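The structure under discussion appears below in the form of structure tokens.
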Amino acid sequence: MGQGPNPASINSSQRKKAEQTPLRIGVMASGSGTNFEALAQAILRGDLNADIRLLVVNNPGCGAQQRAERLGIDVDVLDHRVHQDREALDRQLLSRFHAAAVEVVVMAGWMRIVTDGLIEGFPGRLLNIHPSLLPSFRGLDAVGQALAAGVRISGCTVHLVTSELDSGPIVAQAAVPVLETDDHASLTRRIQVEEHKLLPMALTKLMPQWRQG
Ligand code: GAR
């Protein structure tokens, strides 16, 4: 018998190393970028074992881009207006994220519909955050839809992205009461406070399964 290392212990030390290695994530954002920054701050606090390799924004100069520049995180601008169609934009997204070697992509306030090219490029590894308790109030202006419907509880959802809009498997949700005094701005604000906790938690929750597969 040789004196080499036991293969079982190699496997377990490789597994441990993989578990400690920060998850390489890419983020997509269109607006002010508070969810993007919540991810970055969770990483800085040590609450999320990840590394944001790249932010892609579709609105030049948006808040998310400014936050990335302040935080020293790489940011690419892919203006949807100069792409021929959704497929062309998503091909570019895919190629930027592959070049940055990201393992998982998070849509943190990405206000464009994504196509199968992007979804299939990150199977089970493309997440979206939406400001309602899905399956209620899919699509645009979920907060306005909740107010118009008169619901007393709304919230936010993190889910895996599939080709049907806001319909993929739910990963995590948080409920937010709708107060009599709420308007669009106040309800949005209170939902976002929950989003900022939920999104890093959802990534942490899925990490073991991504590590395995
Ligand atoms: C977030 O509230 C997010 O849930 C929502 O956009 C906001 C982005 O805010 N996303 C959607 O409505 C997607 N359908 P942020 O730019 O401050 O993170």
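Given the chain, what percent of its DSSP beta bridges are antiparallel, to the nearest 5?
That works out to approximately 40 percent antiparallel.
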Practice task
Return the long-range amide H neighbours of MET28 (sequence gap of 5 or more, or a different chain), with a cut-off of under 5 Å between placed amide H atoms.
Solution key: VAL56, VAL106, MET107, ALA108
Practice task
Have a look at the chain and give its Rg and Dmax from the Cα atoms, expressed in angstrom.
Solution key: 18.7, 76
Handout entry: 3J(HN,Hα) from dihedral phi, region 151-158, Karplus parametrisation 6.51/-1.76/1.60, rounded to Hz, x for glycine, proline
Key = 5, 9, 9, 10, x, 8, 9, 9
Handout entry: In sequence order, calculated HN-Hα J values of region 93-107 (Karplus, 6.51, -1.76, 1.60; Hz; x Gly/Pro)
Key = 4, 4, 5, 5, 6, 5, 4, 8, 6, 7, 9, 9, 10, 10, 8
Exercise for the section: Calculate the dipole size of the chain relative to its Cα centre from +1 charges on Lys and Arg beta carbons and -1 charges on Asp and Glu beta carbons; express the result in debye to the nearest 20. Expected result: 680 debye
Completion exercise
Projecting the Cα atoms of VAL178, HIS80, PRO200 onto the charge dipole of region 52-206, where Lys and Arg contribute +1 and Asp and Glu -1 at Cβ, the residue farthest towards the positive end is PRO200
Problem - Among LEU94, TRP110, ASN59 - extreme Cα towards positive end, dipole of the chain, charges at beta-carbon - result: LEU94
Handout entry: Interchain or long-range residues, amide H under 5 Å from ALA50's placed H
Key = LEU23
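Each value in this text was obtained by applying a stated rule to the coordinates, not by laboratory testing. Note that the structure is a prediction, hence the values are computed from the model and not measured. Positions of Cβ are generated from backbone atoms using ideal geometry, with glycine treated the same way; all protein chains shown enter the neighbour counts.
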